[in-house]
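A quick write-up on the structure given underneath.
The values are calculated or read from the model by the stated rules, or taken from the named source; none is laboratory data. Just so you know, these numbers come straight off a predicted model, no measurement behind them. When we count neighbours, we look across all protein chains shown, and the Cβ atoms used for this are built from the backbone with ideal geometry, even at glycine. Only protein heavy atoms, including side chains, enter the accessible area calculation; ligands, DNA and RNA are left aside. Shrake-Rupley method; radii C 1.70, N 1.55, O 1.52, S 1.80 Å.
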Amino acid sequence: MNLAQEILDTIFEDHKERKAKHITPFGGIIYTETNRDKSIVYSILQIYTPHDEWEEPNYYFEFIVYYIATSEEDFDLFMNDPEDARYELFNSIFYIETVRDKCEEMFGTLDKDDIYGFSDLYHHTDFN
C-alpha cells in the first residue's frame, strides 16, 4: 500500500471506498470516493500544521477537503482546461505561483511523485 492511501485510510474512518490517485507538488492528495449509490467524487485533501508566528508552534494537523468533480470527464476538465471556472482552485493547488517559482529557482523542477517540503525558520527547526 502506498503512503497516500495509508494517510487516506487513517484520516477517514468510515466505510466509504477511497483511492489515492495523485499527489500534488505541495503534498495534496487527489483521490476518488465511492458513494453508496456507486457514484464517484473526485476530491483533494490538503494537510497542514497551522501556526501563528507569535505563538509557540503547535504539533497537530488540520485538513481541508475540496470536492472538485463528480465524473471522470469533469475531473479531466478541471485538470486540463484553463477556461474552467475552477481554474483559480486548480492554480492555487498545483501552481502556487510565487512559492513554486522560488522553489524551482532554488531546488530545480520536480521529478515524478516528488514534493517540496518546507519548514518555518521562526520555530528554529533543524530542517533546512
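Observations on the structure shown:
- Under the condition of being open to solvent by less than 30 Å² (accessible area, probe 1.4 Å) and either of a type outside the set (Asp, Glu) or touching a Pro at 6+ places or on another chain (Cβ under 8 Å) (or both), the residues counted in region 22-33 number 8.
- Odd one out for Ile40 among (1) open to solvent by less than 100 Å² (accessible area, probe 1.4 Å); (2) among the aliphatic types (A, V, I, L, M); (3) more than 13 Å from the chain's Cα centre (by Cα); (4) at pLDDT below 90: (4)
- Count of region 9-21 residues which are open to solvent by less than 70 Å² (accessible area, probe 1.4 Å) and either touching an Asp or Glu at 6+ places or on another chain (Cβ under 9 Å) or closer than 19 Å to Glu72 by Cβ (or both): 3
- Put simply, of Tyr48, Tyr59, Tyr66 the only residue that is modelled with pLDDT under 80, under 21 Å from Ile7 (Cβ atoms) and open to solvent by less than 100 Å² (accessible area, probe 1.4 Å) is Tyr48.
- Verdict on Phe90 being aromatic (Phe, Trp, Tyr), open to solvent by less than 50 Å² (accessible area, probe 1.4 Å) and either at pLDDT below 85 or part of a loop (DSSP other than H, G, I, E, B) (or both): yes
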